2 protein chains.
Amino acid sequence: MARRLCCAWIFLLLLLLPGPAAGGKLLVVPMVGSHWLSMQEVVEKLSQRGHEVVVLMPEVSWHMKASQAYEVLTYPVTQTLEELDGAFNDFVAAHLRGLPFPQNILDIYKSYVHVFNTFFGQCKDLFRSQETLKALNQSGFDALLTDPFFMCGATLANYLSLPFVFFMRGFGCDLHFKAPQCPSPPSYVPRVFTFNSDRMTFFQRVENALMSLLEHKYCDGFYSEALKLSSEVLQRDVSFIDLVHSASIWLMRFDFVFEYVRPVMPNMVFIGGINCAKKKPLPQEFEAIVNASGEHGIVVFSLGSMVSEIPMKKAMEIADALGTVPQTVLWRYTGPTPPNLPQNVKLVKWLPQNDLLAHPKTRAFITHGGSHGIYEGICNAVPMVLMPLFGDQMDNAKRVESRGAGLTLNILEMTSQDISTALRTVINDKTYKENIQRLSDLHLDRPIHPLDLAVHWVEFVMRHKGAPHLRPAAHDLNWVQYHSLDVLAFLLFVLLLSLFISFKCCLCCCRRFCGKKGRTKKAAKSKTH
Amino acid sequence: MARRLCCAWIFLLLLLLPGPAAGGKLLVVPMVGSHWLSMQEVVEKLSQRGHEVVVLMPEVSWHMKASQAYEVLTYPVTQTLEELDGAFNDFVAAHLRGLPFPQNILDIYKSYVHVFNTFFGQCKDLFRSQETLKALNQSGFDALLTDPFFMCGATLANYLSLPFVFFMRGFGCDLHFKAPQCPSPPSYVPRVFTFNSDRMTFFQRVENALMSLLEHKYCDGFYSEALKLSSEVLQRDVSFIDLVHSASIWLMRFDFVFEYVRPVMPNMVFIGGINCAKKKPLPQEFEAIVNASGEHGIVVFSLGSMVSEIPMKKAMEIADALGTVPQTVLWRYTGPTPPNLPQNVKLVKWLPQNDLLAHPKTRAFITHGGSHGIYEGICNAVPMVLMPLFGDQMDNAKRVESRGAGLTLNILEMTSQDISTALRTVINDKTYKENIQRLSDLHLDRPIHPLDLAVHWVEFVMRHKGAPHLRPAAHDLNWVQYHSLDVLAFLLFVLLLSLFISFKCCLCCCRRFCGKKGRTKKAAKSKTH
C-alpha cells in the first residue's frame, strides 16, 4: 500500500510539472454517451497543457456538455434527443426480450444496425452543414482525436486529410486488430460475442474460427450507412478497413490483467484503467450511509450511466435478492421503486461510483460489466457480480469471472436465489477478494499513468504529423502475399519440378542401364548360338 | 530542441525523486563483452534504488570489472583470457577471409559454433563449482536478470527456479519471437542474415521464407553444448525453447525508428537507445582536437569495443580514403599505425564516443554497425558510414541505409574510392542529415526513458515473482492446435460430409422421381396397349 501511495505521489508530481507541451491544435470527434467519459479527461489534460482543443459536438447529444476546459464547435442535427433515446431503448429492450434462438440473434442484430444508423445520422448532418465543414477546413488542425465506434471521426479525418489517433475500447468485431495488421490466431484469441476465454475446448475453437470468418460480414452490416456516406464524401469506394487503417496511433482501453494476452502492434498503446480517478472524499449523504452500514459494509450496484431502468419484474427479483445480504446496498436506479424494496437497499439517482468503490467498507460491486466500471472495480480491488446486458459486456464479464474475481449472471434467466447466492459468494469467499486484489496490484504497478501515456501519444502525432515509422510494411501486401501463399506455391512448384526431373533422370538411367544389359545379354546369346 | 531539453529535465527530476523501490534481491547473469555495457547501467540503477544486486561473473571475462555499485560473485573458470581472445579473433578473421561461396558460409558457421562453445565453457565451469551453486541456492533471490545470448543465465534461472527477465538485443535467429509465441510473418518480417528490409521483392520473400525454415536448425547448432549441459543440469531433455519460453519479461534493445515494424507481445518491453548517455563535456585533449577542426568539423570512426585491429591492407585503404575529406577524423584504433596515415586523421586508443557524437561539430560517424553505436548515432543525429563485420551488424547497417540515414560498405570488397565517396556523400548530401535528424526526433520523443522502463519491469518481476498475467495461452497449444489445423480438418470434413449427404439425397430423389416417372410412363403405356 505504501509503495502504491509512493507511486501515486510520483505520478501526481509529474502531472504538476510544467510539461513539454507547446500549443498544437487538435480536433476531437468524440462518441456520445459513456465512451466520452474517459476521453474527456484526455481532452481536458491536453487543453491544460496549452493546446487549442476543439471538440466537435452535435447540437443534441448524450453526456456531453460544453466546458470551459476546451472549445466546443456544435453542428445542427435533425434528430431529437427522444429519437436517440428511443433507438437506444429499443436496442436494450431487444437484449431483454428473451426470444428463442435464432430469432433472438436476428432481433438483436437488427437492433444493432438500427442504433448504428440512428447515431450515424448525426454524421450525415455534419457533412450537410457546409458552414461547419468550412470552419473545420480553415482551422489548420495538427491532428484529430476520435472514438471511431460510430465512424464519423474516421470519415472526417480522411476528408480533412489529418493524421488521426483512435481512442477506443474496440469495434464489435476484431477490426481494431485486422486494420492495423495485427495477427489474431483464432486458436487462443477469443472473438467478441463468443464469450470464450483464451483457453478453449476443441468445439469452442471451432466456434471461434467460424466467428472469425463471420464477424467481418456483420461488422460491414453495422457500418453500411457509414461506408455509403464515406464513399460519397471521399469520392471513392471505401471499405471499413480503408477508413481506419491509417490511424497513426490506436489508444486502446485495454490492460492485460483483464484482457487475454495476444499479439499486438507497436502503434497500439494500452491505456486500460485510464478512467480510474483518484479517490475523492464522499459527499456527506453517502458518507453517512456508508458509516451507518456497520461491520458488514456496503455493496455498490449500478448498471452503468446508459441504463437506469429495467423491467419491474426483474427489478423486484433483484430487490428480493438484495434483502438477503447483511450489507447496505447503494443502488443507482431511476426507474419506479420496486414495491418489495428491502430496508438495506438505498435507491439513488446518481452515485459517486469510484469513490464508493475506493471506500474500505465496500464489499462487492454489482455491475453490468461495462469496461469503465470493471476497471474501477479492478483499480479499487472490489469483487464483482456481473449482469451483462449488451455489446462487449458479456465478454468483459467472462474475463472477470475467468480471473476468479467475480461471478456472472444471465440477466434473462437469473432468479432471486441466483443473485443472492452470487452476491454472498463474492463477499464471503475470500478467494474473490484475493484474486481481485492481485489483479489490482498488477494493474496499478505501471511505469507511467495511462492518462499521461495517452496525452503523450496524441501530442506525438500532433508534433510529428503522424507516426509513419510505426506503420508495418504489411499494409503494402495483398492477402496472398501476406500469407506467403505465392512463395509456397513457387516452392511447391520447384520441389515437384525437381522431383519430376530427378524421376525422369533415374528412369532414363535405368532404361539405358537395362537396355545396355539387355543388348549385352542378347549379343552374348547370339554369340553362343 | 527546447521541448527535448524540457523532456530531459522531467526525466532527470523523476530519476532524482525517491523511487518506489524497496529492497529486493536480484541475481544478474550478464554476457561478457559489449553486451554488458548497457546492462551495467540498469544494474547500477537497481542498486541505487536499494536492491541487493549480485552480479555473477567468471573470474576471467571481458569488459567486466568489479564495482562498488553492486556486489560481485565470481566463479572459477578453466579458460584463460588468451583462449577467449583467440576464439573471438578467429571468429572475426573468418568474416574477413573472403572465401568463395559456399565455403565462406561453412567457415563462418564453424567459427560461430566455436565461439559459442568457447564462451559457454565458462557456464560449464559455473555448474562445476559446487561452492558457487551452494551460495546461489542459499541466497533467496527474488528474480534473475540475464542476457541470454550464451544461454548460461537461462539455464541457471531454470535450475534455481527463479522468475527471470531477459535483457537482450536478440538471438542469431528469431527465437526471441518464436519462444514468447509472437507471430513473425516471413512476408514482411526479414530474417537475420538475409539483409532484407521489410519491403521485399518476390525472390527476397522466397529467400526469407527459406531462411525462416532454416534458422532454427542453425540456432540449435549454436546452442548444442548449452542444451547438452542444460539437460544434464535440469535432469530432463530440454530444447532451446524450453529454456527460454518462461522468461517473464523480454527487455529488448529495439526501437521502431530503427527496427522494422512487426507484431510484438505484451511481455516485450522495448528499450532501444537505453545506452545513449547524457552528453558530458569532452576531455581536454579531445576538446582541443575538435576545436582545431575549424568549419569542417570532425568525423568519428570506431569499429566498436570488440574489434580494435584490422589487416594492414584494409587499414591503409581506409587511411587513404580518410585523407580525401576536409574533416578531422578521430579513429579509435589500437593496431599498428598505417604508414600512409594522412595529416587529418588522429589515431586514438580510446575515444568518448557518445560525447563526440553529441558535439555539434561532428559531421559523420564511421561504425561497424553494432547496435550500441547505431543508437548513439541516432540519439545524436549523426549520419553514418557503416562497415559491418559480423553478427547482426550487416542487418543493422541495412536498416540505417533503408532509412536514408547512412551508407553501407562491404568491408571485404570496399576500395579506398568507395569509402571516400560514401563518407563525402553522407557529409555533403543534406538528406542524410535530415533523415537521421528525423529519426532522432522520433526516437527521443518518448513518454518514459528506456532506463526507467527497464528498471520498472525488473522491479515488477521481483515484486510479483514473475508476470504470469502477460503469458499468452498459446503456450498451452501444440503446433496443430495453434494453427487451427485440427479445426480446419474438422470443418472440411463436415463440409465434405454435408456435400456427400446432399448429393446422395439428390441422387435418391432423382432416382425416385425418375423411377416413378418411368413406372408411370410404363403403366400409361401398358394401359394404352
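The values are calculated or read from the model by the stated rules, or taken from the named source; none is laboratory data. Note that this is a predicted model, so its numbers are computed, not measured. Cβ atoms come from the backbone with ideal geometry, glycine included; neighbour counts cover every protein chain shown. Ligands, DNA and RNA are excluded from the accessible area calculation, which covers all protein heavy atoms including side chains. Shrake-Rupley method; radii C 1.70, N 1.55, O 1.52, S 1.80 Å.
Dipole orientation for the protein assembly as shown: of the candidates B:TYR432, A:SER197, B:ALA209, B:ALA209 has the Cα lying most toward the positive pole (charges on Cβ; Lys, Arg +1; Asp, Glu -1).
In terms of Cα atoms, the Rg and Dmax of the protein assembly as shown work out to 33.7, 127 Å. Estimated purely from DSSP H runs of n ≥ 4, each contributing -39500 (n - 2.57), the mean residue ellipticity at 222 nm for the protein assembly as shown is -16000 deg cm²/dmol once divided by its residues.
Just to confirm, what accessible area per residue do you get for chain B at 1.4 Å probe, in whole Å²?
Working: 23070 Å² over 529 residues.
Each residue of chain B exposes 44 Å² on average to a 1.4 Å probe.
Per residue, the convex hull spanned by the Cα atoms of region B:133-223 measures out at 97 cubic angstrom. In terms of its Cα atoms, region B:46-172 spans 54, 27, 27 Å along the principal axes, sorted from long to short.
Pair-distance distribution of region B:284-444: all C-alpha pairs, bin width 10 Å, starting at 0; shares per bin in whole percent are 11, 45, 37, 6, 0. Close amide-amide hydrogen proximity is noted between B:VAL345 and B:VAL329, each under 5 Å apart and 5 or more residues distant or on a separate chain (H modeled in the peptide plane; Pro and chain starts excluded). For B:LEU26, nonlocal amide neighbours, meaning residues 5 or more places apart or on other chains whose placed amide H falls under 5 Å from its own, are B:GLU52, B:VAL53, B:VAL54, B:ASP142. Given their separation in residues at 0.36 nm each and the Cα-Cα distance between them, B:GLN103 and B:THR324 gain 76.0 nm when the chain is fully extended. For the pair B and A, the buried accessible area comes to roughly 5400 Å² in total, with a 1.4 Å probe and the value rounded to the nearest 100.
Considering every pair of different Cα atoms, what Kirkwood radius, in Å, is found for region A:378-529? Final number for the Kirkwood radius of region A:378-529 is 23.7 Å.
Taking the Cβ of B:GLN481 as the center, what net charge do the other residues with Cβ under 13 Å away carry, scoring Lys and Arg +1 and Asp and Glu -1? Could the numbers behind the result be given before it?
Values: positive: A:ARG199, A:ARG205; negative: A:ASP198, B:ASP476, B:ASP486.
Net of charged neighbours comes to -1.
Rounded to the nearest Hz, the phi-derived 3J(HN,Hα) couplings of region A:270-275 under the Karplus curve 6.51 cos²θ - 1.76 cosθ + 1.60 (θ = phi - 60°) are 9, 10, x, x, 4, 7, where x marks glycine and proline. Using the empirical formula 2.2 N^0.38 Å as the baseline, the Cα radius of gyration of region B:213-372 reaches a ratio of 1.44.
Annotation: A:VAL233 carries an accessible surface of approximately 30 Å², with a 1.4 Å probe and no ligand, DNA or RNA atoms counted.
Over the alpha-carbon set of region A:431-519, divide Rg by the Kirkwood Rh and report the Rg/Rh ratio to two decimals.
Radius of gyration relative to Kirkwood radius: 1.53.
The string of couplings for region B:367-381 from the Karplus curve (6.51, -1.76, 1.60, θ = phi - 60°) is 9, 7, x, x, 5, 4, x, 4, 5, 5, x, 5, 3, 9, 6 Hz, one whole number per residue in order, with x for Gly and Pro.
The loop-placed trypsin sites (Lys or Arg not before Pro) in region A:138-239, going by DSSP, that have at most 10 neighbouring Cβ atoms within 10 Å of their Cβ come out as A:ARG236.
Put a dot 7 Å past the Cα of A:LEU492, heading toward its Cβ, do the same for B:LYS361, and the two dots end up 6.5 nm apart.
Using only the Cα atoms, what convex hull volume per residue in Å³ does region A:18-270 have? Numbers along the way, then the final one.
Working: hull volume 34.7 nm³, N = 253.
Taking only Cα atoms, region A:18-270 has a hull volume of 137 Å³ per residue.
The Stokes-Einstein estimate for region A:401-457, based on a Kirkwood radius over Cα pairs and taken at 25 °C with 0.890 mPa s viscosity, is a diffusion coefficient of 180 µm²/s. Ranking A:VAL400, A:TRP350, A:SER498 by how far each Cα lies toward the positive end of the dipole of chain A (charges on Cβ) leaves A:SER498 at the top. Taking the square roots of five times each eigenvalue of the Cα gyration tensor of region A:51-92, the equivalent ellipsoid has semi-axes of 25, 11, 7 Å, listed largest first. Database remark: amide H of B:GLU59 closer than 5 angstrom to the amide H of B:TYR75, B:VAL77 (H placed geometrically; neighbours at sequence offset of 5 or more, or on other chains; Pro and chain starts carry no H). Provide the solvent-accessible area of B:THR78, counting protein heavy atoms only and rolling a 1.4 Å probe, rounded to the nearest 10 Å². Surface open to solvent at B:THR78 totals about 110 Å². Work out which residues of region B:486-501 lose at minimum 10 square angstrom of accessible surface when the other protein chains are put back, relative to the chain isolated, with a 1.4 angstrom probe, and list them by number. Residues losing area: B:ASP486, B:VAL487, B:PHE490, B:LEU491. Taking every lysine pair in region A:293-405 that is 8 or more places apart or spans two chains, those with Cα atoms closer than 24 Å amount to 7.
With the Cα gyration tensor of region B:135-178 in hand, convert its eigenvalues to equivalent ellipsoid semi-axes via √(5λ) and list them largest first in whole Å.
Details: eigenvalues 102, 16, 13 Å².
Ellipsoid semi-axes (Å, largest first): 23, 9, 8.
Equivalent-ellipsoid semi-axes for chain A (Cα gyration tensor, √(5λ), whole Å, largest first): 52, 32, 24. The loop-placed GluC sites (Glu not before Pro) in region A:345-440, going by DSSP, that have at most 15 neighbouring Cβ atoms within 10 Å of their Cβ come out as A:GLU413. Tell me the relative contact order for region B:284-444 as a rounded percent, counting alpha carbon contacts under 8 Å between residues six or more apart. Result for region B:284-444 is 21 percent.
Computed from phi, the 3J(HN,Hα) profile of region B:185-197 under the Karplus parametrisation 6.51, -1.76, 1.60 (θ = phi - 60°) reads x, x, 6, 9, 9, x, 8, 4, 6, 8, 6, 7, 9 Hz, with x in place of Gly and Pro.
Net charge near B:GLY294: determine it from the other residues with C-beta under 14 Å of the C-beta of B:GLY294, scoring Lys and Arg +1 and Asp and Glu -1.
Numbers: positive: B:LYS361, B:ARG363; negative: B:GLU295.
Result for the local shell: +1.
Based on alpha carbons, the Rg and Dmax found for region B:222-277 are 15.5, 43 Å. Rolling a 1.4 Å probe over the protein heavy atoms of the protein assembly as shown, with every protein chain left in place, gives an accessible area that is 59 percent carbon and sulfur.
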